[in-house]
Amino acid sequence: MTHILFEKKGNIAIALIDRPKALNALNSEVLNDLNTLVDTVNADPEIRVLILTGSGEKSFVAGADIGEMSNLTKEEGEAFGKKGNDVFRRIETLPIPVIAAVNGYALGGGCELAMSCDIRIASDTAVFGQPETGLGITPGFGGTQRLARLIGPGMAKQLIYSARNIKADEALRIGLVNAVYPLEELRPAAEKLAETIAKNAPIAVRACKQAINEGLEKPMDEAIVLEEKLFGSCFETADQKEGMGAFLEKRRHEPYQNR
Ligand code: CAA
């Protein structure tokens with residue numbers, strides 16, 4: 001990967017989007033690297049949580065690359081949107097939880113990338129927005145869909161139509177992020193949260209992600225059946241036996257084995 005720095009710490013993986021000359025903007029190369037990142041994470045059963053962040057102190061991702069987009073035809077524009085949408089969907093549907101640690105600008109494709117993650121936390125320097133209508137386009141990597149689902153259609157429409165950027169405190173108030181930290185505390189906070197998640201039974205955590213993501217797409221009567229199936233499947237795992245056995249024997253459970 002040319003534009004992603006990848007590091008593993010125990011059961012956690014940290015991926016830094018690293019294209020400093022363009023504030024980590026997403027050109028085709030970065031989108032290809034994100035696909036490679038998904039392949040890498042999928043191939044490694046040790047990884048239980050992925051943290052996505054931007055390298056440097058200024059930007060998470062400053063959007064899709066405006067230089068690359070500026071001369072696209074209608075067909076090429078649609079294809080570029082599909083390229084971004086496809087890899088963001090792969091990130092959203094990774095079996096393990098993904099935490100976006102938003103360390104600065106998260107504009108356009110950057111905000112959309114953060115919204116493809118399960119959990120968003122931000123630095124107090126973070127700036128969010130969908131500036132696309134100010135550039136003569138719509139959001140193209142899922143912004144019209146995920147922003148409306150996350151913060152509700154009324155607020156999403158206001159942000160998208162106005163192309164207004166918001167700071168971290170407003171992002172927190174409207175539920176776009178879960179927590180805000182001083183910049184230097186963001187990475188440690190992301191790692192602490194990831195470690196907390198990674199200590200829980202991995203098969204159960206993955207089943208919860210699947211139940212929430214797929215359940216939200218279904219009517220409630222079908223969604224609760226999905227939960228029942230996933231709940232039931234946990235009873236075939238060694239980690240369930242250990243977790244409940246430890247409780248009943250009044251001892252700490254052994255580290256979960258992911259089986
Ligand atoms: N695409 C390409 N290059 C970008 C970029 C982007 N989205 N964002 C920043 N850069 C480049 C700048 O062109 C500049 O390059 P040069 O040094 O070669 O001139 C470099 O990064 C540093 O940027 P600035 O000098 O502009 O830095 P700043 O601190 O003055 O401003 C900023 C920072 C407010 C983020 C500003 O760079 C900016 O507004 N960037 C564009 C943000 C944007 O509109 N993003 C949405 C893109 S559209 C999209 O994402 C569509 C989609 O949904 C798929």
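If r is the Cβ-Cβ distance from residue 72 to residue 249 and R0 is 45 Å, what FRET efficiency results, to the nearest 0.05?
Numbers: r = 63 Å, r/R0 = 1.39.
The formula returns an efficiency of 0.10 here.
Taking only Cα atoms, what is the 0 to 90° angle, nearest 10, from helix 238-248's long axis to the longest principal axis of the chain?
60 degrees
Can you list, bin by bin at 5 Å, the percent of alpha carbon pairs in the range 1-123, starting at 0?
2, 12, 23, 26, 20, 11, 4, 1, 0, 0
For the chain, what size does the Cα cloud have along each of its three principal axes, sorted from largest down, in whole Å?
64, 41, 34
Trypsin sites (Lys or Arg not before Pro) within the range 159-221: which are DSSP loop residues with at most 14 other Cβ atoms inside 10 Å?
164
Would you work out the charge dipole size for the chain about its Cα centre, treating the Cβ of every Lys and Arg as +1 and the Cβ of every Asp and Glu as -1, and quote it to the nearest 20 debye?
On the way: 30 positive and 36 negative charges, 88 e Å.
Using only the charged Cβ atoms, the result is roughly 420 debye.
Compute the helix-to-body angle for 74-92: its Cα long axis versus the longest principal axis of the chain, expressed 0 to 90° and rounded to tens.
Helix 74-92 sits at roughly 20 degrees to that axis.
Taking the alpha-carbon centroid of each part, what is the distance from the range 205-259 to the range 130-158 in angstrom?
First find each Cα centre; the distance between them is then 34 Å.
Mean projection of the alpha-carbon convex hull of the range 202-248 over all orientations, in nm²?
Values: hull surface 13.4 nm².
Seen from a random direction, the Cα hull of the range 202-248 projects 3.3 nm² on average.
Grab the Cα-Cα distance for residue 5 and residue 85, subtract it from 0.36 nm times how many residues apart they are, and report the gain in nm with one decimal.
On the way: separation 80, 0.36 × 80 = 28.80 nm, distance 2.18 nm.
Gain on extension, residue 5 to residue 85, equals 26.6 nm.
Would you be so kind as to identify which of 186, 45, 202 lies farthest towards the positive end of the dipole of the chain, taking Lys and Arg as +1 and Asp and Glu as -1 on Cβ and the Cα centre as origin?
186
Whole-Hz Karplus ³J(HN,Hα) for the range 35-50, in order, using 6.51 cos²θ - 1.76 cosθ + 1.60 and θ = phi - 60°, x for Gly and Pro?
4, 5, 4, 4, 4, 4, 5, 5, 7, 10, x, 6, 7, 10, 8, 10
Can you list the lysines whose alpha carbon sits under 16 Å from that of residue 58, skipping same-chain ones fewer than 8 residues off?
Straight-line reach from residue 58, under 16 Å: 21, 167.
Name the long-range amide H neighbours of residue 4: under 5 Å, sequence gap of 5 or more, or other chain; modelled H, no Pro or chain starts.
18
So if each residue of separation counts as 0.36 nm, and I subtract the Cα-Cα distance between residue 241 and residue 216, what length gain in nm does that give?
On the way: separation 25, 0.36 × 25 = 9.00 nm, distance 2.90 nm.
Working it through step by step, the gained length comes to 6.1 nm.
Computed FRET efficiency, Cβ-Cβ of residue 44 and residue 124, R0 35 Å: what is it to the nearest 0.05? If you can, show how the numbers build up before the last one.
Details: r = 33 Å, r/R0 = 0.94.
Efficiency for this residue pair is about 0.60.
Give me the angle, in degrees from 0 to 90, between the Cα long axis of helix 183-199 and the longest principal axis of the Cα atoms of the chain, rounded to the nearest 10.
For 183-199 against the chain, the angle is about 30 degrees.
What distance in nm separates the two pseudo spin-label positions at residue 157 and residue 58, each 7 Å out from Cα along the beta-carbon direction?
For residue 157 paired with residue 58, the spin-label model returns 3.6 nm.
Read-outs throughout are calculated quantities, based only on the coordinates presented, and are distinct from any laboratory measurement. For clarity, every value in this text was computed on a predicted model and none was experimentally measured. Note that each Cβ is placed from the backbone with ideal geometry, even for glycine, and that neighbours are counted across all protein chains shown.
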